[in-house]
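We did not get these values from a lab; they are worked out from the coordinates using the rules stated. None of these values were measured; they are calculated from a predicted model. Ideal geometry is used to build each Cβ from the backbone, glycine not excepted, and the neighbour counts take in all protein chains shown.
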Amino acid sequence: MRILIKEGHIVDPSQGIDVIGDILIEDGKIKEVISQKSDVRSRKAPPHQPPLSKGGIKGGVSSELRTIAAEGMFVIPGLIDMHVHLREPGYEYKETIKTGTAAAIKGGFTTVCCMPNTYPINDNASVTEFIIRKAALEGLCTVLPIGAITKGQKGEELVEMGTMKDQGCVAFSDDGLPVMNSLIMRRALEYSKAFGVPIISHCEDLTLSEDGVMSEGLLSITLGLKGVPAEAEQIMVFRDILLAELTRGRLHIAHVSTAGSVKLIRDVKKRGANVTAETCPHYFSLTEDSVKGYDTNAKVNPPLRTKKDIEAIKEGLKDGTIDVIATDHAPHNRDEKLREFDFAPSGISGLETALSLSMKLVDEGVLTMSQLVEKMSLNPARILGLNGTLKSGADADITILDTKKEVRVEAEKFASKGKNTPFDGWMLKGFPFITISKGRINEWQ
Amino acid sequence: MLTEKDLLGIKELSVEEINLILDSAAAFKDVLGRDIKKVPTLRGKTTVNVFFEPSTRTRTSFELAAKRLSTDVINFSVPTSSVVKGESLIDTALTVQALGADFIIIRHFSAGVPHLLAKKLKASVINAGDGTNEHPTQALLDAFTIKEKKEKVEGLNIAIVGDIAHSRVAKSNIYCLTKLGAKVRLIGPPTLIPEETEDLGVVVFHKMEDGLKNVDVVMMLRIQMERQGKGFFPSTEEYSKNWGLTLDRLSLAKGDVIVMHPGPMNRGIEISSEIADGPRSVILEQVTNGLAVRMAVMYLLAGVKK
């Protein structure tokens, strides 16, 4: 089976490509990228005459060739989301590997990395193996598990990182439950070096955030909700940065939500430390105002912050302080969210809106298209040792997006079981039109 | 006329609406002074008190107000209900509505619960206290009492003393009194008055001696014993020593100062007995006025077109 994507705007920062051209796919792999116009900024000339340019489509192999007209669309490497919750095993009523990967594909992602807070927790190789097997059977895209840092996510005893890496874990994180014990965190950053895997830190000083449910400030006072100060995140960002410098371990900071965190990370990067960071679309799209009216769909951890934080996060994305845009896709059941704000679970079902929300950054001039692809594909690939490229020979993971058509977000139509989104009803542009995962075409509209 | 079918908080009310409630309450207070204290205004309507937190005075006050207006009243208290069997809040509320409730008076330990129910129910939802958010009828009865004693609220210096951070009474009073033009001061330890509170248009004091000077009204809040030893204040003794209302301290206020307390009081801790039982205290009048104000609220909500 061959696929020809014709006349798309191909953007692939891994090769410095930004051209109008075609991509030929053969047997699930990228055969080649063919630049069509001479006035493009390609740093790479086509290696040889395109094999299909002269009647190839009409030729004898036409039955095997599928042509996709991509004129006016962006053709980019498949997106990689290094922070999702697929909920399986254990919480299949919230999401399954099948529905979560369907949501991923619909959102333009061809690889997702799932956090370990399932039931049982992914803190041993047998759970990792289950996820990998289940994903191979039912997954619509590549699923890479992230193991827990500590057994039971209790913050006490390290998991068998080596064994779990061999089984398929690409990183380790106690996401949602930070490792409060600094010595254990130090050991995790040290020990993981032996296997070259990053430690992903959910930065939250639990003793300071206590049972807070939104950002601390005037609004939390007037809503009567318990607030979480930005310092609860920043204290732990700073601690983990210092530990990363001490150990020279690989630290990746999850879901950065405050201006103070951006500054701390910018400073440590200037010092040359090997620290990377991610943010999520809701942290540059929404402020705490979304919580007004006690909308539990806007309850997320870390909480939505202020305009000033949004500006700092955009600045951090622009100047490279924040390497990655991840979703922190956290699907929940409808009934769980339809209750007291204090008791509703935190999280946003984010896979199906992430790309279009991030495209707004391109529209606003915060990022170039190439930089956006870096944040959503190339950089996560580099951090996790994956592909994120359209180089010939790579798996055909490709996202084709329509940047012109405006579409209303309809939570009820999500592929994800989690309809919990504060973006329901928003008009957005830049939805995927086709997502190709390992050569398999998934199409909408 | 009120515009919304629910009373969720003072935040949601305009000055006109607050004044309308206070004026109507005056009329109902006259009714309460009569020999026959019951009016047939809302005969045939049903009121359900749904209390997820223990309460005697507020629940009783609402119950009596509803009865004085001739509605049928049911008390739905949590320990005896199916909530303990794991029924969700929404299901409980829908069940109560299906019984034919026109008014649902809700108290809940979690902020925003009345707002959630108001969206889901056709009945009028009245907030009888939600977490640390608001207790609107308390603020309305306090404003009514102040107006009765001082003729107006505008321009008065009013001090609210105690645990502002965790007090829904304080929050509702801040909104209500500032809307009515009073100059509101808050007094208490910094751990119990968040910095940002000043953005609400109030002045914060940490010493009683500074904050009580020249005030027309002192509003004491109940200090929650659970807060001691949790970093808010080390002991009730130390709290009382610094922020308790004594005769000495009260002498710094204006001569005709009135002292209020939403109850229940911790005598000898936040307020001395001489003051609570003394001539400046209007604490029991607050209770009586609460009845009139709650009648007014129900009466006005019944008139809102749904």
- Task: For helix A:354-363, report the angle its Cα long axis makes with the longest principal axis of the Cα atoms of chain A; keep it between 0 and 90° and round to the nearest 10°.
- Result: 80 degrees
- Taking a quarter of the surface of the convex hull around the Cα atoms of chain A, what do you get in nm²? 20.4 nm²
- Pop out the Kirkwood hydrodynamic radius of the stretch A:108-228 from its pairwise C-alpha distances, inverse of mean 1/r, in Å to one decimal. 15.6 Å
- Item | the stretch A:215-275 - percent relative contact order, Cα under 8 Å, separation 6 or more | 32 percent
- Of all DSSP beta bridges in the protein assembly as shown, antiparallel share, percent nearest 5: 35 percent
- Task: Set the Förster radius R0 to 51 Å, insert the Cβ-Cβ distance between B:V78 and A:D27 as r into 1/(1 + (r/R0)^6), and round the FRET efficiency to 0.05.
- Result: 0.20
- Message: Helix-only estimate, please: 222 nm mean residue ellipticity of the protein assembly as shown, summing -39500 (n - 2.57) across DSSP H runs of length 4 or more and dividing by its residues, to the nearest 500.
- Response: -9000 deg cm²/dmol
- With a 10 Å Cβ neighbour count serving as the proxy for reagent exposure, in which order, fewest first, do A:V11, A:V275 appear? A:V11, A:V275
- Message: Can you give me the C-alpha center-to-center distance between the stretch A:216-246 and the stretch A:292-310, rounded to a whole angstrom?
- Response: 13 Å
- Message: Given N residues in the protein assembly as shown, what is its alpha carbon radius of gyration divided by 2.2 N^0.38 Å?
- Response: 1.13
- Message: Taking 8 Å as the Cα distance limit and 6 or more residues as the minimum spacing, I'd like the relative contact order of the stretch B:136-283 as a percentage.
- Response: 22 percent
- Assigned charges on the beta-carbon of Lys, Arg, Asp, Glu; chain B dipole about Cα centre (debye): 860 debye
- Difference of contour (0.36 nm per residue) and Cα-Cα distance, A:F195 to A:R440: 85.0 nm
- Message: Given R₀ = 45 Å, what would the calculated FRET efficiency be for B:K120 paired with B:D256, taking r from the Cβ atoms and rounding to 0.05?
- Response: 0.45
- Mind checking the mean number of beta-carbon atoms from other chains within 10 Å of the Cβ atoms in B:107-117? 5
- Can you give the three extents of the C-alpha atoms in chain B along their principal axes, from longest to shortest, in whole Å? 54, 44, 34
- Message: For a 24 Å ceiling on Cα separation, which of these pairs sit above it: A:K405/A:K438; A:K263/A:K307; A:K226/B:K306; B:K207/B:K254?
- Response: A:K405/A:K438; A:K226/B:K306
- Proximal charge balance of B:F76 [Cβ under 12 Å; K/R count +1, D/E count -1]: 0
- Task: Starting from the Cα of B:S273, move 7 Å in the Cα-to-Cβ direction to define the label point; list residues of the stretch B:236-267 whose amide nitrogen is under 12 Å from there.
- Result: B:267
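So for each of B:137-143, A:223-229, A:66-72 I average, over its residues, the number of other beta carbons within 10 Å; can you give me the resulting order with the highest mean first?
B:137-143, A:223-229, A:66-72
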- Note on the structure: the stretch B:262-306 and the stretch A:65-122 have their Cα centres apart by a whole-number Å value of 57 Å
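In debye, nearest 20, what is the charge dipole magnitude of the stretch A:79-384 about its Cα centre with +1 on Lys and Arg Cβ and -1 on Asp and Glu Cβ, if you could check?
Roughly 640 debye for the stretch A:79-384.
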- Arrange A:M180, B:M225, B:M298 by Cβ neighbour counts within 10 Å, fewest through most, would you? B:M225, A:M180, B:M298
- Message: Output the 0 to 90 degree angle, nearest 10, between the alpha-carbon long axis of helix B:15-33 and the longest principal axis computed from the alpha carbons of chain B.
- Response: 80 degrees
- In nm, to one decimal, how far is the A:L338 label point from the A:Q15 one, both placed 7 Å along Cα→Cβ? 5.0 nm
- Alpha carbon Rg of the stretch B:136-283, scaled by the compact-globule rule 2.2 N^0.38 Å: 0.94
- Message: Need one number: nm distance between label points at A:K154 and A:E92, each 7 Å from Cα along Cα→Cβ, rounded to one decimal.
- Response: 2.8 nm
- Task: Assuming R0 = 41 Å, can you tell me the calculated FRET efficiency for the pair B:E226 and A:L137, based on Cβ-Cβ distance, to the nearest 0.05?
- Result: 0.20
- Message: I want to check the label-to-label distance for A:R66 and A:S126. Put each point 7 Å from Cα in the C-beta direction and report it in nm to one decimal.
- Response: 3.9 nm
- In whole angstrom, and with the biggest value first, how far do the Cα coordinates of the stretch B:1-140 range along each principal axis? 45, 31, 26
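How long is the gain from A:L218 to A:K429 if the chain were fully straight, where each residue apart is worth 0.36 nm and the alpha carbon distance is subtracted? Can you show the working numbers first?
Values: separation 211, 0.36 × 211 = 75.96 nm, distance 3.35 nm.
Here the answer is 72.6 nm.
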- Average beta carbon contacts from partner chains per residue of A:335-341, 10 Å cutoff: 5
- Note on the structure: Expected integer from the mean partner chain Cβ neighbour count at 10 Å over A:91-102 is 0
- How big is the Cα convex hull of the stretch B:161-245 in projection, averaged over all directions, in nm²? 5.2 nm²
- When only C-alpha pairs under 8 Å and at least 6 residues apart count, what is the relative contact order of chain B, in percent? 21 percent
